[in-house]
Amino acid sequence: MHSAIARREFLACAGVAAAGLGFGSLAGRLVHGADGPAKVKISSPTAAKMGWLVGCQLYTYRRYSFFEALEHIAALGIAHVEPCFFLSLDKARPELKTNEDLPAAVRKELKNRLADRGIAMSSFYANLGTDKDRAVKIFEFCAEMGASTIVAEPPAEAFDMIDTLCQKYSINVAVHNHPESPQSKYWKPENVLAVCKDRSKRIGACCDTGHWVRSGLDPVECLKKLEGRIVGFHLKDVAEKGNRQSRDVPLGQGQANYAAVLAELRRQGYRGVMTIEYEHDSPALDDDVATCVAFVEETAKKFAS
């Protein structure tokens with residue numbers, strides 16, 4: 001997510017975007033079996049062998065409901081998904097958001113949709129704060145859905161309570177960074193490390209490389225600072241360094257030096273979900289996401305050769 005403002009404002013433009021944009025070039029590639037949707041054929045098998053599990057952050061497909069977005073993600077060969085707490089679950093039931101408030105019957109429906117496509121909800125972007133009852137509800141939702149990591153930006157005073165819940169539920173909390181701003185508490189690694197200090201290894205960073213570039217930071221140097229505390233990753237490249245509003249571009253085509261980023265992750269022995277969050281929405285969205293997946297896979301092949 002680009003910012004809290006973007007999360008609020010996307011609702012205002014989503015209707016306009018949906019009116020003009022359809023499935024685009026992906027439409028002909030959606031495949032269903034005789035008895036329903038086919039299982040995902042993973043498009044990044046070499047990366048998966050390295051422990052790099054390519055996923056998709058649902059903010060990428062924010063103009064669609066979760067259930068619609070699953071069709072795009074499955075067709076692209078992506079087997080992991082990270083929902084957002086504020087995004088719609090089902091176009092037919094716009095009141096339902098993909099979060100811990102879903103009724104039990106709808107949660108079951110969600111689990112079945114994922115299972116039918118062979119997609120795992122491996123992480124969840126949550127509104128995690130100081131309210132313990134709400135936090136417990138979020139952890140229980142993630143445990144039920146099989147998510148191993150909660151991505152969030154909690155206030156510093158919440159982390160003692162959160163770390164206790166991490167131990168109880170065996171779920172990580174990955175602190176996400178937005179671009180530098182008065183509202184962004186964790187835009188630089190030092191701020192993330194401050195809330196990790198003296199806490200369990202289940203508290204760590206969700207590294208958003210694109211936002212580091214927008215903040216004028218060097219992603220490779222940021223990764224080095226966070227070594228040992230990386231528990232989540234948002235794959236993102238952007239066109240301009242130091243421009244907070246810079247648009248996303250496919251991995252390897254921007255200023256993040258993505259070959260070096262992935263080489264540093266390999267050096268550190270990172271294993272886990274690597275979630276594509278592509279914020280620039282356009283008719284070419286599916287192709288842009290496919291290009292990002294291909295970049296990770298081709299880089300993995302180079303490392304394996």
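Observations on the structure shown:
- Each residue of the range 72-80 was assigned a 3J(HN,Hα) from its phi angle through the Karplus curve 6.51 cos²θ - 1.76 cosθ + 1.60 (θ = phi - 60°); the sequence is 5, 5, 5, 5, 7, x, 9, 10, 9 Hz, with glycine and proline shown as x.
- Expressed as a whole percent, the accessible area of the chain that falls on carbon and sulfur atoms is 52 (1.4 Å probe).
- Simple label model, 7 Å out from Cα along Cβ direction - LYS241 to ALA38, nm: 4.3 nm
- Extension gain, GLN167-PHE303: 0.36 nm per intervening residue step, less the Cα-Cα distance, totals 45.5 nm.
- Each DSSP beta bridge with both residues in the range 147-305 is either parallel or antiparallel, and the antiparallel ones are about 10%.
- When the pairs LYS137/LYS188; LYS91/LYS224; LYS241/LYS301 are compared against a 31 Å limit on Cα-Cα distance, LYS91/LYS224 fall above it.
- Each Cα pair under 8 Å and six or more residues apart adds its separation to the average, and for the chain the resulting relative contact order is 19 percent.
- Exposure rank, largest accessible area first [TYR64, TYR258; 1.4 Å]: TYR64, TYR258
- For TRP187, the residues whose modelled amide H falls within less than 5 Å of its own, excluding neighbours fewer than 5 places apart on the same chain, are HIS178.
- Ranked by how many other beta carbons lie within 10 Å on average, peptides 124-130, 299-305 from highest: 124-130, 299-305
- Candidates PRO182, MET274, LEU102 compared by Cα position along the dipole of the chain: farthest toward the positive end lies MET274, with charges placed on Cβ.
- Of all DSSP beta bridges confined to the range 76-213, the antiparallel ones make up roughly 10%.
- Label of the coordinate-derived value, Cα Rg over 2.2 N^0.38 Å, listed as [x] 0.94; [y] 1.23; [z] 1.09: [x]
- Selection among LEU128, MET145, VAL192 by position relative to the dipole of the range 81-205 gives MET145 as farthest towards the positive end (Cβ unit charges, Cα centre).
- Couplings 3J(HN,Hα) for the range 272-283, derived from phi with the Karplus relation 6.51 cos²θ - 1.76 cosθ + 1.60 (θ = phi - 60°), are x, 6, 10, 9, 6, 10, 10, 8, 7, 8, 6, x Hz, where x marks Gly and Pro.
- Taking Cα centre as origin and charging only the Cβ of basic (Lys, Arg, +1) and acidic (Asp, Glu, -1) residues, the dipole magnitude of the chain rounds to 560 debye.
- Close amide H partners of LEU96, meaning residues 5 or more places away or on another chain with modelled amide H under 5 Å apart, are LEU89, ASP90.
- Across the range 223-231, rounded Karplus estimates of 3J(HN,Hα) from the backbone phi angles (6.51 cos²θ - 1.76 cosθ + 1.60, θ = phi - 60°) give 4, 4, 5, 8, 3, x, 10, 8, 10 Hz, Gly and Pro being marked x.
- Under-5 Å amide H pairs with ALA120, H placed in peptide plane, nonlocal only: HIS80, VAL81
- Spacing of the two label points (7 Å from each Cα toward its C-beta) at GLU227 and LYS197, in nm: 2.1 nm
- Global geometry of the range 172-267, whether rounded, prolate or oblate, following the gyration tensor of its Cα atoms and the 1.5 cut on a/c: oblate
- 222 nm mean residue ellipticity, helices alone, for the chain (DSSP H n ≥ 4; -39,500 (n - 2.57); rounded to 500): -12500 deg cm²/dmol
- Potential lengthening between ASP160 and ASP131 on full extension [0.36 nm per residue; Cα-Cα distance subtracted]: 9.2 nm
- Reachable aspartates and glutamates from LYS197, criterion Cα separation under 18 angstrom, eight or more residues apart if same chain: GLU153, GLU157, ASP160, ASP163, GLU227
- All lysines inside 19 Å of LYS302 as judged from Cα atoms, apart from same-chain residues fewer than 8 positions distant: LYS49
The values are calculated or read from the model by the stated rules, or taken from the named source; none is laboratory data. These numbers were taken from a predicted model, which means no experiment stands behind them. So basically every Cβ, Gly included, is an ideal-geometry build from the backbone, and we count neighbours across all protein chains shown. Quick note on the areas: whole protein, heavy atoms, side chains included, nothing else; ligands and nucleic acids left out. Shrake-Rupley method; radii C 1.70, N 1.55, O 1.52, S 1.80 Å.
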